[in-house]
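The values are calculated or read from the model by the stated rules, or taken from the named source; none is laboratory data. Predicted, not measured: the structure shown is a model, and the values here were computed from it. Glycine also receives a Cβ, built like all others from the backbone with ideal geometry; neighbour counts cover every protein chain displayed.
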Amino acid sequence: MLKLITGGNHTERETVFIRNIKEQTENGKDILVIIPDQFSFEYDKKLYGALGAKLFNRIKTAGFNRLAELLEKQYVSKKH
């Protein structure tokens, strides 16, 4: 299921976002967090701090470039 969480600066968007990731991960769901490339390192650190090592290691995070690589690897045939 795709879930979009939106909101402006100084809203609880990030708190809701991290809480949802934690709940879904604790329930055994596969999670892919898509983050703009320029924020991926900082957000990985934030998620690690909020989730702890065990839950953080159960999720995948990807910037848009990495997401494109994952999709290509999954869906593009090597044979042309």
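In segment 1-59, what residues are touching a residue at least 24 places away in the same chain (Cβ under 8 Å), in a loop (DSSP other than H, G, I, E, B) and surrounded by 12 or more Cβ atoms within 10 Å (Cβ to Cβ)?
Within segment 1-59, Ile31, Ile35, Arg58, Ile59 qualify.
Looking for whichever is in contact with a Leu (Cβ under 8 Å, 6 or more places away or on another chain), modelled with pLDDT of 90 or more and basic (Lys, Arg) here; the options are Lys46, Lys22, Lys54. Which one fits?
Details: Lys46 fails: in contact with a Leu (Cβ under 8 Å, 6 or more places away or on another chain); Lys54 fails: in contact with a Leu (Cβ under 8 Å, 6 or more places away or on another chain).
Result of the check over Lys46, Lys22, Lys54: Lys22.
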